[in-house]
Structures are given as C-alpha cells and as structure tokens.
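Laboratory data are not the source of any read-out in this text; all were calculated from the coordinates shown. This structure is a prediction, so every number in the text was calculated from the model and none was measured. Cβ sites come from the backbone with ideal geometry, for glycine too, and all protein chains shown count toward neighbours.
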Amino acid sequence: MTKPHTQKKQQNSPPQQPSFLKVLQKSSLSFLAMAPLLLATIGLVGIFQILVTPKMLASLFQGDPLFDTLLGTLTGAIAVGNPIVSYLIGGELLNQGISLYAVSAFLLSWITLGFTQLPAEVEVFGGRFTLYRNILAFIFAMITAVLTTITVQVLS
Amino acid sequence: MKKQDKPFAFRGKYLLVAVLVLYGIFFLVNSGGALSALQKSSTILTKILPIFVVVILFTATLNYFIKPKQIAKHLGQKSGMKGWFWALAAGVISHGPMYAWYPLLDDLRSHGMKDEYIVVFFASRAIKIPLLPIMIDYFGLTFTIVISLYMLFGALIQGLCMQLATIKDT
C-alpha cells in the first residue's frame, strides 16, 4: 500500500515529458483527421484549374481602371494555382494595356483570397473568422493595389 | 485536472463527399475535363506532400519543445509586439498553399494563438521571398519593393482590424 505522503509527492511531481515519437504520432493523427478536408480542397482546386482558365480570366478585363481593379480582386480570388502563374497572367495583362491597379489587385488576391479553400477555412476556423478575414483581405487587396500604383507612378 | 485529448474524428467528410459527387457530375458531362481535373489534383497533391510532411514535423517539434503555456505567452493575449512580429515573419517565410498550414494554425489556435495573428500570417503570405526575383523581372524593382512594403503594413493593419472586430464581438 502506498503511504499518503508518497501519494502527495507523486501528485506534486511535474508531469512526465512524452517522447518525441509520441508527440509526432499525435501530430500525425491530428493531420490525418484533416485529410478529407485537404483532399476535398485539392479536388476543388483541380476542377477550378480546368474550368477557369487564365485566358478566360484575361478576357474579362475591360480597360476601365476602377472596374478592372474590382475585377482583378475577384478574378484573383477565383483563380487557383502557383503564384508564378499569376505573375505570367499579370505581365500579359499589363502588355495588353490593363492598368497596374487591376494587375496589382489580381496578384494580391491570387494569394490571400481563395474561393476553393473557403469551405475548408470555415470548417477549421469557423464562419465568423472566415468572413472577417476574407472581407479584410478583399478590401486590403484593392487598397494596396491603389496605393502601390500611385506610389510607383510618383517614384517613376 | 488533466486536459483531455480530443477524440479522433475526421474533419470535412461531407465536403469530400460533395467534391466526389461534383467529380461524378463533371465526369458525366465532360469525362475528358473531369479526368484532366483529377490529374491536376493528383499533381498538386504530389507537389504539396513534402509541405505536409514539413507541417507535421513542425507541429510535432513545436509541441515537443514549446509548452501550450509558452505558445500562449508568445502568440496569446499577453504576447504584445512579439506576437505580431512572429505572425508576420512566419507568414512571409511559409511556403505552399494556404490550406497546407490550416492544421498547424488550428493546433496553435487551440493553444491560445490569437485570431489577429492568424489574419496577419495569411495576409503576409502574399510576399513570396523565393519568387521575388521573378516578380522583379516581370514588374520591376520599384513595383516589387513598394508592393512588398504595403503588403507588410497591410497585413498588420488587417490584424488590428481583426482585433477590433474580436473586441467588439465580445
């Protein structure tokens, strides 16, 4: 039988540090729990890459800076893929005479916004967080695009 | 009292089923397109698998060396300027798609990471250090420096806006 003072001593001793392997196992399990969510998002990205082509996006721009900035933010949010692709499309849009406002907004929202990852973001962080974050990212993509273009124009 | 671990449960099961149904419909309407989409998805998965491994290892290392109390200290309510800096730096350094980082951020959030830091992390990801030379090549040095600086400031302001929204909601 354990003596009461020994029990107290055991209670007060610091909890044992789990081994790295155990922690790694736990982290792998939490990642595995998210596998359906990540696979679904990757699946959606695949569909979007086929249905929404860069050519299609580029054809939407009209040449009006204000409208194009809004459109740049929206199309950047819809488009999916490596950021390098956004540079390629952005460079092409500039060559076609589309304003730097629109191109900057497009580049920014390509990375910070994403319609395909919205369901996963809601599932992980909740609806309220996702709504606030995406509204902020949308507004700031446009503000940053306008400020960048004005500053670049002033500097050059 | 000892904190109980959350029971294992898959997340996003219904979303995965919905996407599979979507693929089924797509296959019926345009089988070639559906196959190409599937191929694209497999390529993306193969490309980001190493990032997933990095995220798992990073999460495990953080959990092994840093106690939840310490995470809360650096990224929680009383983290101060340090928290903003860490979120900004982590966002700039992070690589791969945004959703690859959801598991790690979810873990940090459960240990007390503030929502405004997650916003800063996501917003500062717009700066891609390895891609800066390509950006300079396409848009010029002035544009790259200006947009990068505005993105950093913008990320912090977005975080502050999120903080205000959180305070207002509570």
Mean other chain Cβ within 10 Å across B:54-66 is 4
So which of A:K22/B:K67; B:K13/B:K114; A:K26/B:K69; B:K40/B:K114; B:K47/B:K114 end up more than 23 Å apart, counting from Cα to Cα? B:K13/B:K114; B:K40/B:K114; B:K47/B:K114
Please find, in a Gaussian network model of chain A (springs between Cα atoms separated by less than 10 Å), the residue of A:P54, A:P18, A:P65 whose mean-square fluctuation is greatest. A:P18
Average partner chain C-beta neighbours within 10 Å, per residue of B:27-40? 3
Kirkwood hydrodynamic radius over Cα pairs of segment A:21-67, then Stokes diffusion coefficient at 20 °C and 1.002 mPa s, in µm²/s: 153 µm²/s
Taking 7 Å along the Cα-to-C-beta vector as the label spot, tell me the A:S19-A:V122 distance in nanometres, rounded to one decimal. 4.3 nm
Could you tell me whether chain A comes out rounded, prolate or oblate from its Cα gyration tensor? Rule is a ≥ b ≥ c as square roots of the eigenvalues, rounded for a/c under 1.5, then prolate if a/b exceeds b/c, otherwise oblate. prolate
Highest GNM mean-square fluctuation, chain A, Cα pairs closer than 10 Å: which of A:A79, A:A141, A:A120? A:A120
Quick one: helix A:20-33 against the long Cα principal axis of chain A, what's the angle to the nearest 10°, folded into 0 to 90? 50 degrees
Compute the Kirkwood hydrodynamic radius of the protein assembly as shown, taking the inverse of the mean of 1/r over all pairs of distinct Cα atoms, and give it in Å to one decimal. 21.4 Å
The Kirkwood hydrodynamic radius of segment B:67-170, taken as the inverse of the mean 1/r over all distinct Cα pairs, in Å, comes to 14.4 Å
Under the √(5λ) rule applied to the eigenvalues of the Cα gyration tensor, what semi-axes describe the equivalent ellipsoid of segment B:10-65? Give them in Å, descending. 32, 15, 4
Using only atoms on other chains, find how many Cβ atoms lie within 10 Å of each Cβ of peptide A:83-95 and report the average. 3
Would you mind listing how long segment B:1-155 runs along its three principal axes, going by Cα atoms, in whole Å with the largest first? 55, 55, 23
Report, as a whole number in µm² per second, the diffusion coefficient that Stokes-Einstein gives for segment A:111-156 at 10 °C and 1.306 mPa s using the Kirkwood radius over alpha carbon pairs. 133 µm²/s
